[in-house]
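Have a look at the structure below, then the notes.
Please treat every number below as a calculation from the coordinates, not as lab data. Here the structure is a predicted model, which means the values were calculated and not measured. Glycine gets a Cβ as well: all are built from the backbone with ideal geometry, and neighbour counts include every protein chain shown.
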């Protein structure tokens with residue numbers, strides 16, 4: 001009997017979700033696909049780091065940069081949010097490859113903003129345009145993205161203003177009407193279908209080059225957060241993915257390498273309030289999809 005995605009169950013999760021949710025699921029072996037709000041733009045949180053990685057590898061491919069080149073971490077970079085570099089008192093000197101590994105593996109925000117300074121925000125979005133993804137943008141650094149949540153749209157990103165941001169967070173809380181929570185192209189946004197197609201093209205070796213595509217998939221396998229797509233999947237099943245999580249914003253996009261073949265899961269959620277668990281909704285959608293094609297891959 002031919003496999004079919006559990007469309008009704010997935011749609012029920014979407015219908016019950018308090019807020020906005022969208023997903024693109026595609027089995028690359030059979031072409032079976034199911035979508036919900038797949039062309040809507042969603043704020044991405046750290047999923048925006050995937051286009052940064054693509055632009056880095058593109059510039060390496062044309063010879064502008066080298067992954068082996070060493071750069072010292074410096075400049076106006078916010079220490080806010082996830083990562084390890086903020087723990088270091090002395091500015092480290094790392095290769096671009098290691099900055100990228102930190103950006104993807106542990107979602108290091110400082111590594112991301114440093115790489116954005118190297119490759120250029122404009123170049124990231126120009127490449128997305130050339131790839132045919134005008135509704136997916138990495139338009140601001142992670143420092144600026146977080147500052148905007150607290151009315152600090154224009155102040156420089158530095159440690160002094162990081163302290164001011166924390167003070168505003170403690171006294172006023174997050175502004176959920178800020179641009180960081182909107183689907184504006186001036187924010188870091190993506191559509192589920194765009195990100196699904198990026199993953200599909202990576203698997204086909206069509207982004208930058210076959211060698212670069214394979215290297216980027218290996219980078220995505222370093223992602224160590226198992227809250228969403230990997231939550232109910234056995235640890236031995238390889239997953240190349242990148243999560244995003246910033247309060248009410250949740251997202252995870254990935255290639256799940258099942259025994260039956262690769263499965264694309266691209267999902268984003270924007271909750272209506274702090275009690276709504278977008279990560280759990282995404283994890284459940286991923287579980288249902290994986291269970292359809294490879295029930296033995298579920299924990």
* Structure fact -> Per-residue Cβ contact counts at 10 Å, fewest first, order 241, 203 as 203, 241
* Would you please state which residues of segment 89-122 a label at residue 64 would reach in this model, taking the label point 7 Å out along Cα→Cβ and a backbone N cut-off of under 14 Å? => 115-122
* Rounded to the nearest 500, what is the chain's calculated 222 nm mean residue ellipticity when only DSSP H runs of at least 4 contribute -39500 (n - 2.57) each, over all residues? -> -12000 deg cm²/dmol
* **the chain: angle of helix 121-131 to the longest principal axis, Cα-based, in degrees nearest 10** => 30 degrees
* Asked: By how many degrees, 0 to 90 and rounded to 10, does the Cα axis of helix 192-203 deviate from the longest principal axis of the chain?
  -> 80 degrees
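For segment 103-199, what D do you get in µm² per second when you plug the Kirkwood radius from alpha-carbon pairs into Stokes-Einstein at 20 °C and 1.002 mPa s?
147 µm²/s
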* Within segment 4-34, backbone nitrogen closer than 12 Å to the virtual label 7 Å beyond the Cα of residue 273 toward Cβ -> 18-19
* How big is the Kirkwood radius of segment 47-169, worked out from every pair of different alpha carbons and given in Å to one decimal? -> 14.9 Å
* To do: Between residue 84 and residue 291, take the C-beta separation as r, use R0 = 30 Å, and let me know the FRET efficiency to the nearest 0.05.
  => 0.30
* Relative to the first principal axis of the alpha-carbon coordinates of the chain, what is the inclination of helix 210-220, with its axis defined by its Cα atoms, in degrees from 0 to 90 and to the nearest 10? -> 80 degrees
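Among 227, 248, rank each residue by its count of other Cβ atoms within 10 Å, from fewest to most, as a rough exposure measure.
227, 248
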* Structure fact -> From the Cα centre of segment 1-21 to that of segment 233-280, the distance in Å is 14 Å
* Asked: Hey, rough spin-label estimate for residue 172 and residue 95, points 7 angstrom out along Cα→Cβ, what's it come to in nanometres?
  -> 4.4 nm
* Asked: Which residue, 58, 226, 70, tops the fluctuation ranking in a GNM of the chain built on C-alpha contacts under 10 Å?
  -> 70
* Could you grab the relative contact order for the chain? Cα pairs under 8 Å, six or more apart, rounded to a whole percent. => 26 percent
* Given springs between every Cα pair under 10 Å in a Gaussian network model of the chain, which of 127, 44, 64 has the largest fluctuation? -> 64
* **Net lengthening on full extension, residue 18/residue 159 (0.36 nm per residue, minus Cα-Cα)** => 47.2 nm
* Structure fact -> Treating every alpha carbon of the chain as one equal point scatterer without solvent, the Debye formula yields log10 I(q)/I(0) values at q = 0.06, 0.07, 0.13, 0.15 Å⁻¹ of -0.18, -0.25, -0.87, -1.16
* Expressed in nm², what is the orientationally averaged projection area of the convex hull enclosing the Cα positions of segment 145-289? -> 10.4 nm²
